[in-house]
1. Which one of Ala287, Ala281 is at pLDDT below 90, small (Gly, Ala, Ser) and assigned to a helix (DSSP H, G or I)?
2. Kindly indicate whether Gly495 is in contact (Cβ under 8 Å) with a residue 60 or more places away in the chain, surrounded by fewer than 22 Cβ atoms within 10 Å (Cβ to Cβ) and in a loop (DSSP other than H, G, I, E, B).
3. Could you run through the range 36-79 and say how many residues are assigned to a loop (DSSP other than H, G, I, E, B), of a type in the set (A, V, I, L, M, F, W, C) and closer than 12 Å to Lys9 by Cα?
4. Inside the range 23-47, can you point out the residues that are out of contact with any Ser or Thr (no Cβ under 6 Å at 6 or more places or on another chain) and more than 16 Å from Gly210 (Cα to Cα)?
5. Of the residues that sit in the range 436-459 and are modelled with pLDDT of 90 or more and assigned to a loop (DSSP other than H, G, I, E, B), which one is surrounded by the most Cβ atoms within 10 Å (Cβ to Cβ)?
6. Working only within the range 132-163, note down all residues that are in contact (Cβ under 8 Å) with a residue 40 or more places away in the chain and assigned to a helix (DSSP H, G or I).
7. Could you look through the range 314-330, keep only residues that are out of contact with any helix residue (DSSP H, G or I) (no Cβ under 8 Å at 6 or more places or on another chain), of a type in the set (A, V, I, L, M, F, W, C) and in a strand (DSSP E or B), and pick out the one that is farthest from Ser386 (Cα to Cα)?
8. Restricting to the range 68-92, name every residue that is under 22 Å from Arg169 (Cβ atoms) and loosely packed, with under 15 Cβ neighbours inside 10 Å.
Amino acid sequence: MIHISSVTKQHGSRVLFKDASFQILSESRTGLVGPNGAGKSTIFRLITGEETPDSGEVSCSKKTVIGYFSQDVGDMSGRSALEEVMAASSRTVELGVQIREMEAAMCEPMDDDALAHLLAAYGDAQEEFEHRGGYDLESRAQSVLTGLGIGPDAYGRPVESFSGGWKMRIALAKILTINPDVLLLDEPTNHLDVESIVWLEQWLSTEYKGAVLMTSHDREFMNRLVTRIVEVSTGTLTTYGGNYDFYLREREIRREQLLASHRRQQEMLAKEEDFIARFAARASHAAQVQSRVKKLEKIERIEIPVEQRMVKFEFAEPPRSGDDVLQFADMAKSWSLPEGGHQPVFSGATGLIRRGEKIAVVGVNGAGKSTFLKVLCGQTEPNSGSFRIGANVHLGYFSQHAMDLLDPRKTVFQTVQDAMPTANVGVLRNLCAAFLFQGDDADKRIAMLSGGEKSRVVLATLLGRPLNVLVLDEPTNHLDIQSREILLGALKGFGGTVLLVSHDRHFLRSLVGRVFEVDHGELRPYEGDYDYYLHKSGHDHFVS
């Protein structure tokens, strides 16, 4: 369907890839991976024609319909949510109009040639209309919107009344509703809750018949969908047949093989160069020396790709808290509405959080998870009920707003230093490096960082401090898979208590041993891990 052949692309002095090739075949499911800045988004833009290669070719059939979802949703206004989604299928709507006009024209008298021409055009239009799913466009748009969490009661809402995260869902719904031959998805699970992620997973698996090329920071989402990985790294594209976990294992095997080949080549080169150095001045060995010089000139040197060095930071043992960390009974919270009255969030919440527990707070978007965490952290008061913090509790709270509190003028190192004023430079540098700010990256100003980088800075300042309770509201948002694994490892090794909200199922499965579900104003505790919660709550039929 789409062929990328011997493509070279350079941004400024930086070569993203050289002589890179791969194909997107019909109905294939491909994951695109690689470090930030490696060129993943550039590949999407080359396929859509937004960028052109410096050399090589990107070829695609003219009839192939491509749908591209990126994090840039553009302007949305003047339409309802449903109208906005259907507007993306303007070609389909236009074909429907043409078909009706041609049907009307067929009722009028005309000569044989004109009728033959009209029938041919009508057949082509009908074929394309059916190919684009024109006969069920509106019902498909409604189904996709509902699956992404925007139900029938919100179809008619003005699109400008939705927040940024919900507009992202509408933008994704537009691309899915087009029903293209090829879907290019750049982080489609950002801003989605677990229910919407699972719906998208199932839709792509069962409903969508075209090809998919996607990036995602959600490891489980990738594992369940893709059957091939294309890695963008060090100027090359490398293909692995299998899902994300297979790619990680296979990459390590290939790297070990490459290192072994590199060692053997270096040993051979050293012997040849030693022979040339020893006998270069001897006329009796001149022919042999020249032969070996020519041989060395022809040998293609094996290069070892630069790999980001992972720094292991040993976190200090947190001060011991009391056995009962947070206790609450019959707690309720509601928000005052501008027009008067109250909006209840939850009520009757009763529970006990014990020292060393790692607990997930789950529930659909808008259920009240973040509000519950805010009450426990003292960010807002409960309206009724009792709430008690245990002895010697030192609590750290991470929210998405924490990134807004960073001083944009300071560097990463200065920000971490402010959180740990007594630590020496070596400890601070190691902590920065453990969260992927190595070398000069630690001297970047906060103003220059991406959302994911800012998240890592805030998490580093939290985990570096002597805290024994961490309350984390969506700490995995904006983080790529590597950063999530670093955070997961840090939290697994953390000796204190953790309470968190996350939509990353791999993260939750790997970390938590207990679950609180916020559902329709109630808080339900589940005395088991995430899989136990899924089974007991009846959610395992759509998540596992």
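1. Going through Ala287, Ala281 in turn, the sole match is Ala287.
2. Against the criterion (in contact (Cβ under 8 Å) with a residue 60 or more places away in the chain, surrounded by fewer than 22 Cβ atoms within 10 Å (Cβ to Cβ) and in a loop (DSSP other than H, G, I, E, B)), Gly495 qualifies.
3. Selection size over the range 36-79: 1.
4. Passing the criteria: Val33, Pro35, Asn36, Gly37, Gly39, Ser41, Thr42, Ile43, Phe44, Arg45, Leu46.
5. For the range 436-459, the residue satisfying everything is Phe437.
6. If the condition is that a residue be in contact (Cβ under 8 Å) with a residue 40 or more places away in the chain and assigned to a helix (DSSP H, G or I), then Gly134, Leu137, Glu138, Ala141, Gln142, Val144, Leu145, Gly147, Ala154, Val159, Glu160 are the ones that fit.
7. The selected residue is Val325.
8. Answer for the range 68-92, where residues must be under 22 Å from Arg169 (Cβ atoms) and loosely packed, with under 15 Cβ neighbours inside 10 Å: Gln71, Asp72, Gly74, Asp75, Ser77, Gly78, Glu83, Ser90.
The values are calculated or read from the model by the stated rules, or taken from the named source; none is laboratory data. Note that this is a predicted model, so its numbers are computed, not measured. With ideal geometry, Cβ positions are generated from the backbone for all residues, glycine too; neighbour counts draw on all protein chains shown.
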